[in-house]
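**Q** Questions regarding the structure given below will be posed in turn.
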């Protein structure tokens, strides 16, 4: 980091121990401040990306840190690496049962919808702002990718119908791939020969990425379930390594690495891997680190005093994107599907932008495209301003549309930790507010033989339940199940959570009712190693 010049900074000078100490101190302080800022973000309703960008700007040359940084190529490389981790973490947390019904809608929105959004936004940038068509198309492609982290950091306080949640989640995971391909194509030196050739290239890269991601995810999950590693801490490392392998293999095969890593992670996340709570926590932590590092670096890269001339162009392009392009892409994409107007309005307003557009805006800068600095500034201002507008108002819009309270029965939060020496599993079950398990007696759960509720935690107090113990909202249950009945026990718990004590008669369980649990719970040896889990 030096004063700005036309040369890369410090590449030929080795890092001394003293400089390493200073760097570690600065990084640790920044991480602590960023972690503390998450609480402010959760209370204010603002996506945390704005706070992280603010930290980077504060450290930059126009801020208190006075650090001059303009290595665009390094920023792009780190941004790509961070996006791989973020997509892997998002894929691991994606529930297939929620995404599956919304998959056709999400696929159309992330392909055809992206094309509609790019065309309308580019037309607005060309005719209203005065950019040439190449610059306008680049901006249109850059800002057409939604950000899952930004959306769900705002919506975590507003429960939505699972169908809408699945559409938003799958769309944000899928649309990165075609957008990256478009930005790279528009930023190349030569003109695009024909639109059908470009569409064919996009389809081929997506197909290659999808095939590699599915194959790597399936092989990886099969291997992790079949091989017993000597330490539980190795499973999270292996899962993330497999996800990164999917990205690298997809990219080197001239496919979409971003789509490959998301699909591979989603398959592993729905494969009931050993030590899953530890794996999920590890991936979640890596995702936070990736977001913090990427946004702080992007904040360092931007020069605030150079943004003033591009505020109005950013506002105009943002208005076209938010009020015309996004609603039109949602409307046209969802025409073949049953989607009410209220749902379309919410999906249109929930198209928040985040890390991906700012990172993609560095591609034309590295490629030397004319006006790339203005493109980056417009994208940066657009993301910040419209996140400030849409983020805090999104919960209010959901409530006004009467979509903030779906009325659906909440699913149980179930985590599983293997008990290797006992050849069993310890299930941690969280009963949410709307679960129909509320009011059900433990004996009425009718758990399969080999599974039993061994402990109930209520209001911070734990006790051993009796068959007549009535379960309540907010309870956490510890269920011990042997390997053969582990899946059946989880299915039974979810069935009761959805259909109550009459689950089998209502057709919720899908299986014959198992025999009642014994009145005397079998004891579990105290030497068994368990893993503490938390509700989903």
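Laboratory data are not the source of any read-out in this text; all were calculated from the coordinates shown. Bear in mind that the values here come from a model prediction, so they are computed numbers and not experimental data. Note: ideal-geometry Cβ built from the backbone for every residue, glycine included; neighbour counts use all protein chains shown.
**Q** Rank these for me by crowding, 25, 334, going from fewest to most other beta carbons within 10 Å.
**A** 25, 334
**Q** Let me make sure I get this right: for the stretch 236-346, a, b and c are the square roots of the gyration tensor eigenvalues over alpha carbons, sorted descending. Under 1.5 in a/c it's rounded, otherwise prolate if a/b > b/c, else oblate. Which is it?
**A** In terms of gyration-tensor shape, oblate.
**Q** Per 5 Å bin from zero, what fraction in whole % of the C-alpha pairs of the stretch 413-502 is there, up to the bin with the longest pair?
**A** 3, 15, 27, 28, 18, 7, 2, 0
**Q** List 338, 492 from most exposed to least, where exposure is judged by having the fewest other Cβ atoms within 10 Å.
**A** 338, 492
**Q** Same structure, new question: Please report, to two decimal places, log10 I(q)/I(0) for the stretch 163-241 at q = 0.28 Å⁻¹ as given by the Debye formula with identical point scatterers on the Cα atoms and no solvent.
**A** Normalising to I(0) and taking log10 leaves -1.23.
**Q** Same structure again: In Å³ and rounded to a whole number, note down the convex hull volume per residue for the Cα atoms of the stretch 263-316.
**A** Measuring per residue, one finds 117 Å³ for the Cα hull of the stretch 263-316.
**Q** What order do you get for 275, 438 when you list them from fewest to most C-beta neighbours inside 10 Å?
**A** 438, 275
**Q** If you wrap a convex hull around the C-alpha atoms of the stretch 48-400 and split its volume per residue, what is the figure in Å³?
**A** 133 Å³
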